[in-house]
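Since the structure comes first, as structure tokens, the remarks are kept for the end.
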Amino acid sequence: MQRWFQWISFRKISTPEEFDALVYRVETMAQRNPSFYRSRLRLLACLGYIYILAVFVLLFAGLWGIRLYLTAIQDQDMIESLNYVTILVGFSLLRLFFVRFDRPKGIPMTRKQVPELFAMLDELALAMKAPKLNNVILNGKLNAAIVQRPRFGLIGWQSNYLLIGLPLLQALSPQQCKAVLAHELAHLCGDDGRASAWIYRIRRTWYDLAERFEHSSGGFLFDRFFRWYGPFFRAFSFVHARAQEYEADRRAAGIVGAHHQAEALIWLYVYDHLLLKEYWSTHYRRTLHQSEPDDDSISQILQVLRSGMSLDQYRRWLALCLAQQTTNASTHPCLSERLERLAYSPVELLPPKLNATVLLGDTFPDLTAQLNQFQKQEETEEWVDDHDYSQHQLAGLHRLNQRPEHLLTLEEQMKRASTTWQLQDRQQALSMFQSIIVENPHQANARYWVGYLLTEEGQADGVTHLEYAMDHDPSLVTSACRQLYGYYHQRHQPDLAEPYKRRWQQHQKAWKMALTERSQFAQNTQFKPHGLPEAEIRQLTEHFSSYPEIKTVYLVQRVLERFPECPYYIFGMTRRPFNRKEHEYFSNHKLKGVINVAISFSSDYALYFHDELVHWDRLKRLPGAKIYPQS
């Protein structure tokens, strides 16, 4: 018993370091004694149910005791009031645990519509002894997934949804697609029978409950427990969830063949890079000129996949995928580890001559048309926001272009060049960045973008710029190393690429911890005066004065433990009462987006309104923190 309790820490897991430390300890325990780990995981899973049951029993026992006392003194009016209160309390508590899971979105498919696809699923379900699928849904993702939706909240009674992306069917052969579907169905079976699948399901439920209590003022009898229990159970079950990924790969390989499973993984990773470069990179630029989404976005994605990639692109993207390391940010292992478990050595693959869209038969054109329409409806709201955002960017760029060159500050020159790259022309942006480093050769960010754009064109001159950038700015190390690693692999020089891979992998985790430190606030978070020159403060003051919504602005610098040489600033803002009839009203979220578009600043920063900062009073008291309106 003592050995069990040493694994339970009642201190809330609130940082990535604490999460990683617990995962490492649990992994060690699971490797040394798998049966001990599985039994403790089941007990921990039951602990949540036990706590809920105990609270209900104690609460209603107390109410029943009060009722007995009132009966003894024959106070009938109080008894009736107590009955009413008991019903209300019971109903309120039950509502807390009816977690609503939205139905997965997409186009439902029936056996009659796509008999070949359902025949494949029947074959897999029979071989794997998988439970019944309640719904098969087609969506627009390059992926497949199993989603279990409880019909009665915490009580359960799961509906099993299989989500299949039409781009996935376009990218893979029928056998490779079969391997992916087998992997997903394996999550319903588990390597340890129903108990394993049960752990897999409730992991999300407990985590969602913890998130609910994190942002809720109700449920005082449960919120403190679940704020600890949700993250702790998530960390403790993380080892099991990752093992399930390996087990699902193994079971799929046993049904379809390891080479089909491995090749499916490779194509999904590589095609993801293809879509990022050939489709998603231009997606935002389209919002600049279009006020609504395309009518055929899914068809465009399918066409990109049909067009394929060059052999050099394949080599580069596969090398980048294989260089990724497994982290605790996701339960999915990295590609190289999954291929190693399957005993498969990566090779140059030819795209499948026959893709898995044949499983849809004659309904393929109709389903594509339906999915195009569905995707347009799903994208419309976000597209409108992106269109507005890009219009603000374009207006800001126009203002900068209208100003004489010699009056632009370095920060404004960088803003103009980066916005030009985002919205207009890469060659023009390259010229702007090159002009900046002529006058400011030590500007690491400009050197990075010159190096990136040159190496994208295959020019060796970009290497020196990228190396300078990563040597002088820790925030650029990972992205510069990735760029150089891919560049040398595309030039068939893997020996020159290898040092960048090692540096990238060594730096990645440390910088991720630094980003977490910057984005989160704790009781011991410290600030110091911003220390910026008066000229930059005047520029910021002029900028904020153009927003009638803004009443005051404070600016401070965070005291950092990791990479303090890369300063990080916090803007704290308050709003003044604003007449919506006289001016366009921006929500806090949208106003921050508009400010981000226009602001030219020398370092990384974050914008917050006063109700988002727990350290607001301490921040205001720092000398020189108030920059607008000027005292």
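The values are calculated or read from the model by the stated rules, or taken from the named source; none is laboratory data. Computed from a predicted model, the values in this text were never measured in an experiment. As a convention, Cβ positions derive from the backbone with ideal geometry for all residues, glycine included, and neighbour counts pool all protein chains shown. For the accessible areas, the whole protein counts, side chains as well, though only heavy atoms, and no ligand, DNA or RNA atoms are used. Shrake-Rupley method; radii C 1.70, N 1.55, O 1.52, S 1.80 Å.
Points to keep in mind about this one:
- Any hit, the range 260-269, residues being out of contact with any helix residue (DSSP H, G or I) (no Cβ under 8 Å at 6 or more places or on another chain) and not β-branched (Val, Ile, Thr): no
- Residues that are open to solvent by less than 40 Å² (accessible area, probe 1.4 Å) and farther than 30 Å from Leu138 by Cα, drawn from the range 292-316: Arg316
To keep it simple, each residue is scored yes or no on (1) β-branched (Val, Ile, Thr); (2) open to solvent by 60 Å² or more (accessible area, probe 1.4 Å); (3) modelled with pLDDT under 90.
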| site | (1), (2), (3) |
| --- | --- |
| Asn328 | no, no, yes |
| Thr331 | yes, no, yes |
| Glu337 | no, yes, no |
| Arg341 | no, yes, no |
| Pro352 | no, no, yes |
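- Here Leu126, Leu154, Leu133, Leu117 are screened, and the one residue that is outside any strand (DSSP E or B), more than 28 Å from the chain's Cα centre (by Cα) and at pLDDT below 95 is Leu126.
- Within the range 492-520, residues that are in contact (Cβ under 8 Å) with a residue 60 or more places away in the chain sit with their Cβ atoms under 6 Å from residues that are hydroxyl-bearing (Ser, Thr, Tyr) and part of a helix (DSSP H, G or I), at 6+ positions apart or across chains, in these pairs: Ala497/Tyr485; Ala497/Tyr488; Lys501/Tyr485; Trp504/Thr478; Gln508/Thr478.
One line per residue, one yes/no per condition, for (1) out of contact with any helix residue (DSSP H, G or I) (no Cβ under 7 Å at 6 or more places or on another chain); (2) open to solvent by less than 50 Å² (accessible area, probe 1.4 Å):
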site: Gln508; (1), (2): no, no
site: Phe521; (1), (2): yes, no
site: Ile537; (1), (2): yes, yes
site: Val553; (1), (2): no, yes
site: Arg558; (1), (2): no, yes
site: Glu561; (1), (2): no, no
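- Cβ-Cβ distances below 8 Å connect the following pairs, each with a first residue in the range 318-334 that is under 17 Å from Thr478 (Cα atoms), a second residue that is among the β-branched types (Val, Ile, Thr) and in a helix (DSSP H, G or I), and a separation of six or more residues or different chains: Cys321/Ile266; Cys321/Val270.
- Residues that are farther than 15 Å from Ile570 by Cα, without any contact (Cβ under 8 Å) to a residue 60 or more places away in the chain and in contact with a Pro (Cβ under 9 Å, 6 or more places away or on another chain), drawn from the range 529-557: Lys551
- Residue in the range 251-272 that is within 30 Å of Leu44 (Cβ to Cβ), surrounded by 17 or more Cβ atoms within 10 Å (Cβ to Cβ) and in contact (Cβ under 8 Å) with a residue 24 or more places away in the chain present: yes
- Residue within the range 539-546 that is out of contact with any Asp or Glu (no Cβ under 7 Å at 6 or more places or on another chain) and of a type in the set (Asp, Glu) present: yes
- Of all residues making up the range 399-420, the number that are over 33 Å from the mean Cα position of the chain (by Cα) and part of a helix (DSSP H, G or I): 7
- So Gln373, is it open to solvent by 20 Å² or more (accessible area, probe 1.4 Å), of a type in the set (S, T, N, Q), under 28 Å from the mean Cα position of the chain (by Cα) and under 30 Å from Asp473 (Cβ atoms): no
- In the range 317-326, of all residues being assigned to a helix (DSSP H, G or I) and touching a Lys or Arg at 6+ places or on another chain (Cβ under 9 Å), the one that is surrounded by the fewest Cβ atoms within 10 Å (Cβ to Cβ) corresponds to Ala319.
- For first residues located in the range 401-414 and open to solvent by 90 Å² or more (accessible area, probe 1.4 Å), partners that are part of a helix (DSSP H, G or I) and not charged (D, E, K, R) and lie 6+ apart or on another chain with Cβ distances below 9 Å form the pairs Glu405/Gln413; Glu405/Ser435.
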